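What follows is one structure encoded as structure tokens, with my remarks underneath.
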Amino acid sequence: FLDIQNQFMVGSCDVKFPIRLAGLVLSHQQVSSYEPELKPGLIYRMIKPRIVPKIFVSGKVVLTGAKVRGEHYEALRIFRPTK
């Protein structure tokens, strides 16, 4: 067990504001899928960083695929509210 390497990290957070999933999937159709009848979360396949967040309307987010912790923060920037 001396040769163990991390392949990817899983992170979770609460962004503390609701996320309009229907609006997000409309504006990011190429990289997201949302079928509320089947699953409550939106799947967003990011290209750079190569992370797959599962996003919930409550503001909770589960991020998979990061190689370093900073990629989680980079991925979350796209979900900030805009004015």
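What follows is calculated from the coordinates using simple rules that are stated; it is not laboratory data. This structure is a prediction, so every number in the text was calculated from the model and none was measured. Note that we place each Cβ from the backbone using ideal geometry, even for glycine, and neighbour counts take in every protein chain shown.
For the chain, just run the numbers: alpha carbon Rg, then divide by 2.2 N^0.38 Å, N being how many residues it has.
Numbers: Rg = 13.7 Å, N = 83, 2.2 N^0.38 = 11.8 Å.
Ratio of Rg to 2.2 N^0.38 Å for the chain: 1.16.
Rank these for me by crowding, 74, 37, going from fewest to most other beta carbons within 10 Å.
Least to most surrounded, the residues fall as 37, 74.
For residue 32, enumerate residues with amide H under 5 Å from its amide H, sequence gap 5+ or separate chain, H modeled in the peptide plane.
Amide H neighbours of residue 32, under 5 Å, 5+ apart: 45.
Which one of 27, 62, 4 has its Cα pushed farthest toward the positive end of the charge dipole of the chain, where Lys and Arg give +1 and Asp and Glu give -1 at the Cβ?
It is 27.
List the lysines whose Cα lies under 18 Å from the Cα of residue 39, skipping any in the same chain that are fewer than 8 positions away.
Counting by Cα, and skipping residues close in sequence, residue 39 has these lysines nearby: 54, 60.
If contacts are Cα pairs under 8 angstrom and at least 6 residues apart, what is the relative contact order of the chain in percent? It would help to have the intermediate numbers written out before the result.
Values: 122 pairs, mean separation 27.6, N = 83.
The value is 33 percent.
Test of understanding: given the chain, find the longest segment containing no chymotrypsin sites (Phe, Trp or Tyr not before Pro) that are in a DSSP loop and have at most 15 other Cβ atoms within 10 Å.
Counting at most 15 other Cβ atoms within 10 Å as exposed, the longest clean stretch of the chain is 9-83.
Placing +1 at every Lys and Arg Cβ and -1 at every Asp and Glu Cβ, with all other atoms neutral, what dipole size does region 19-79 have around its Cα centre, in debye to the nearest 20? Don't skip to the end; give the middle numbers.
On the way: 10 positive and 4 negative charges, 46 e Å.
Roughly 220 debye, rounded to the nearest 20.
Under 14 Å Cα to Cα from residue 16, which aspartates and glutamates show up? Leave out anything in the same chain fewer than 8 places away.
Of all the aspartates and glutamates, none pass the test against residue 16 - Cα under 14 Å, at least 8 places apart if same chain.
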